[in-house]
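Beneath this line is the structure, given in structure tokens, with notes to follow.
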Amino acid sequence: MMKMSKMQKRFSRTSGAMLALSALVPTGSAMAQAQADAQQAQAGQLETVTVTAQRRTENIRDVPVSVSALKDEKLDVILSGGQDIRVLAGKVPSLNVESSTGRVFPRFYIRGYGNADFSTFASQPVSLIYDDVVQENPILKGYPMFDLAGVEVLRGPQGTLFGRNTPAGVVKFESAKPSLKGMEGYYNLSYASHGTINAEGAVNIPLSQEWAMRVSALRQHRDDYVSNAFTKEEDSMEGYNEHAERVQVLYKPNADFNALFNVHQRVTTGSSRLFRANIIKKGTNELVDGFDAEKIYTNGQNFQNLKTSGANVRLSWDLGAVKLYSITGYEAVNKYLSRGDIDGGSPADFPKVPFQVETAGSIPDLKQYSQEFRVESKNAGPLNWQAGVYYFNEDATGSTDNFNVAGARTTRVTSQQKNTAWAAFGSVNYAVSDAFTVRGGLRYTKDDKEFATLETIGTTLTGPKSVDTSKDKINWDLSGTYALNKDVSVYGRLATGFRAPSIAAASTAVPITVADAETITSVEAGIKADLFNRRARAALSVYQYDVKNQQLTVVGGNSNVNKLINAAKTKGHGVEGEIEGFITNQFKVALSGSYNFTEINDPSLSVNKCGQCTVTDPFNAAGRVLIDGNALPQAPKWIFNASARYNWPLAEGNLFVLTDWSYRSKVNFFLYEAKEFTGKALTEGGVRVGYNWAGGKYEVAAFGRNITDTQRVTGAIDFNNLTGFINEPRQWGVQFKGGF
């Protein structure tokens, strides 16, 4: 039998996927939401956006928090090419997302405040919450986005109601829920450059008058398209295969009680991040002449495998005067192994690659359990409140391995972290008048960590083999909202936040390091408005924050290390704005942007310098780099996003064209500043042309992502050579989706 060509294989896979989806011929009426959106668009009027930023469903205009919501077409457009959660970077004000491990270990930054730590036990000041359950370990934060009711980005400290390390903010995902109303669902298939296939779908099935089930599934694939010029392997890297499933069951015997059961999993295989040796031109932050994104020159292995699973149960009782909630969550990493050639080159590159470095990180076992009980008042009068208790328990074991040129393991360090935390919280809302509402919240948290080195192979560690930390803290917030009229409101908010101590595992010549707890005090004010009879909507906020003892991660320098330090103080301030509206009934535009200034204030703080870069910071007497006055890593000053959609009624449907663009200004990759490790500004654009019909029930479209084929270094390794990694390539594709 003749061997199929790559193009034949792609055609075969795509044909099979299309045939499978064609069997799901939709029947019944069009989806209610699609019809409602189409009617509002026809009238040139924006839909009302509700959020749960205060753990209650409220109009986004009435919430005294800087918050953005992504849903429906906004989400579908940016996810059409099968990208992972990093695609959210720059899509709303003050949000950046990046990773040095690819699809499985995202790092979030809000208002420039985040954590570049890539270690197994890293903690982040931005909390990701999926279906009301916190995803603490960064490995869990990468669960794919599919069949979502919406995404909310809450900026500023959110510790009173959400807890669990939220001093920078919260990214909140909510799945579409089962319904007793009838059978419905959707299917969505796209095919794009590099054999990229993104197929997802969901079906809602009423099982009886009291029970309903919703099954959602996602399949993603990309062909390997990067060749290894050293090993002569063509198209051997940068592909992936991923699938994720979620089954939800709703039990609602009456109007006073309901139970929602959720079981989910994720399996990912493919390439890890590709580190590329000496791709940065010495003395600049430009890519070297002749750079080819589809070639790499490396002698090490590169792959990653991940399997996670979880379940949660959400119960609610309407008791008349109050409503009681119980949220039980369980998350697990069943398998994780990521291996990469960190130096990004081969022995043939000597002396440009002074020494070979190949490492692997693994989590053989991680279990997370959380429980929350919350009670919420239902008073008709001016006073309402909510209160609750929260418990969190995590047990994680992780290893770091190093390998020699032959690929044999030379060292291993295995560590275990046990984290237990509990909290009690409460919040009160009081309507002083029809126009003025004040809110106040309080939370007490106690957090304990036990950390131990379980095994060492091929290395002798310094310092103690185990460390314990314990910290408790009271956080609070106070805010007020004043309605200037029925369409315009202003707000002010003063809030504090807390991140528990963090611990980094030991490595060769570096003992276990502990970063003390960090605290933040934040003040912000803003205005939100519906304009021109709801043809437009706008929001503007200003903020300032001070962080004490901010936890910072020192990576690289003159050796391959990862350790934690505290900065005495970090300051930040900025402005955020969003506006969207209909220019005409058929022409809709949206603009958003932010200015985020961050600065480290600690004259005594210094770090080791890079191996080969051009440092622009001063040095102390010991030859270390002083970082006082620097911006935080991966903290762009400017973020902008713009989109425009034009619609032409045609036959029984609508022809449309849509474009969206995101921009972020330059960023520092590390705590120090260097010419080579200052990432250039990044602009990426997308386009979508399509036709929908039957009230939005069906849609076919062609799309492009990163249509200018912009190439930028988005992160680096600094201890060996001028090694970096780059953004996602340009994509062209087609998509078809339908509902039933």
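The values are calculated or read from the model by the stated rules, or taken from the named source; none is laboratory data. Remember, predicted model here, so these are calculated numbers, not experimental data. Using ideal geometry, Cβ is built from the backbone for each residue, glycine included, and neighbour counts are taken over all protein chains shown. Note: accessible area is taken over every heavy atom of the protein model, side chains too, but ligands, DNA and RNA are not part of it. Shrake-Rupley method; radii C 1.70, N 1.55, O 1.52, S 1.80 Å.
Matching the structure-derived volume of the Cα convex hull per residue in Å³ against the labelled list (1) 461; (2) 157; (3) 165 gives the label (2). In this rough spin-label picture, where each label sits 7 Å from Cα along the Cβ direction, the L319-M213 distance is 3.3 nm.
In the full protein context, the chain carries 39 Å² of accessible surface per residue, based on a 1.4 Å probe and ignoring ligands, DNA and RNA. Distance between the C-alpha centres of the range 629-678 and the range 279-356: 21 Å, rounded to the whole angstrom.
Please give me the summed charge of the neighbours of Q265: other residues whose Cβ is under 11 Å from its Cβ, Lys and Arg +1, Asp and Glu -1. Kindly include the intermediate steps, with their values, before the conclusion.
Values: positive: R246, R266, K307; negative: E245, E331.
That sum, taken over residues with Cβ under 11 Å, equals +1.
In the complete set of protein chains, residue-level accessible area for W648 is approximately 110 Å², probe 1.4 angstrom.
What's the carbon and sulfur percent of the range 53-151's accessible surface, probe 1.4 angstrom, rounded to a whole number? Mind showing how you got there, number by number?
Details: 830 of 1700 Å².
Roughly 49 percent of what the probe reaches on the range 53-151 is carbon or sulfur.
Here the calculated FRET efficiency for T462 and W693, from their Cβ-Cβ distance with R0 = 51 Å, stands at 0.15, rounded to the nearest 0.05.
Peptides 239-246, 705-712: what's the order by average Cβ count within 10 Å, highest mean first? Please report the intermediate quantities before stating the final value.
On the way: 239-246: 18.8, 705-712: 16.9.
Top to bottom by mean Cβ count within 10 Å: 239-246, 705-712.
Do the alpha carbons of any pairs in K74/K335; K74/K666; K252/K378 sit beyond 27 Å of each other, and which pairs?
Values: K74/K335 33 Å; K74/K666 25 Å; K252/K378 20 Å.
From K74/K335; K74/K666; K252/K378, over 27 Å: K74/K335.
The 1.4 Å probe gives accessible areas that order K323, K232, K74, largest first, as K232, K74, K323. The H on the amide N of L207, modeled in the peptide plane, is under 5 Å from the matching H of A212, M213, each at least 5 residues off or on a different chain. Separation of the range 211-250 and the range 599-613, taken as the distance between their Cα centroids, equals 39 angstrom. Near L722, the amide H atoms lying under 5 Å from its own belong to N278; only residues 5 or more places off or on other chains count, and H is placed 1.01 Å from N. Between the alpha-carbon centres of the range 81-144 and the range 147-187 there is a gap of 15 Å.
Summarising the amide proton neighbourhood of K335: residues at separation of 5 or more, or on other chains, whose placed amide H is nearer than 5 Å comprise K307.
Remark: the V575-E47 segment gains 187.5 nm on full extension, using 0.36 nm per residue and subtracting the alpha carbon distance. Of F736, F532, the order by accessible heavy-atom surface (1.4 Å probe, DNA, RNA and ligands excluded), from most exposed downward, is F532, F736. Whole-percent P(r), the range 192-295, all Cα pairs, 10 Å bins from 0: 12, 26, 21, 16, 12, 9, 4.
Using DSSP to call loops (not H, G, I, E or B), can you name the GluC sites (Glu not before Pro) in the range 612-678 whose Cβ has at most 15 other Cβ atoms within 10 angstrom?
Here the sparse-neighbourhood loop sites are E652.
Which length gain, in nm to one decimal place, applies between I205 and D628 when the Cα-Cα distance is subtracted from 0.36 nm times their residue separation? Intermediate values should be presented prior to the final figure.
Numbers: separation 423, 0.36 × 423 = 152.28 nm, distance 5.84 nm.
Length difference between fully extended and current span is 146.4 nm.
Heavy-atom accessible area for T231, with the other protein chains in place and a 1.4 Å probe, reaches approximately 60 Å².
Couplings for the range 479-495, taken from phi via the Karplus curve 6.51 cos²θ - 1.76 cosθ + 1.60 with θ = phi - 60°, read 9, x, 10, 10, 8, 5, 7, 5, 10, 10, 9, 10, 8, x, 8, 10, 9 Hz in order; Gly and Pro are left as x.
Loop-only GluC sites (Glu not before Pro) in the range 196-237, please: DSSP not H, G, I, E or B, and at most 13 other Cβ atoms within 10 Å. Before the final figure, lay out each step's value.
Working: sites: E200, E210, E233, E234; in loops: E210.
Sites meeting the loop and neighbour criteria: E210.
At the residue level, L140 shows approximately 10 square angstrom of accessible surface with a 1.4 angstrom probe and all protein chains present.
The modelled label-to-label distance for the pair S236/F303, using points 7 Å beyond Cα in the direction of Cβ, is 1.3 nm. For the range 515-528, 3J(HN,Hα) computed residue by residue from phi via the Karplus equation (6.51, -1.76, 1.60; θ = phi - 60°) reads 9, 5, 4, 10, 10, 9, 10, 10, 10, 8, 9, x, 9, 10 Hz, glycine and proline entered as x. The phi-based Karplus calculation (6.51 cos²θ - 1.76 cosθ + 1.60; θ = phi - 60°) puts the 3J(HN,Hα) values of the range 188-201 at 8, 10, 9, 9, 9, 3, 6, x, 7, 10, 10, 10, 9, x Hz, whole numbers, x for Gly and Pro.
Subtracting the Cα-Cα distance of A406 and T683 from their residue separation scaled by 0.36 nm leaves 95.7 nm.
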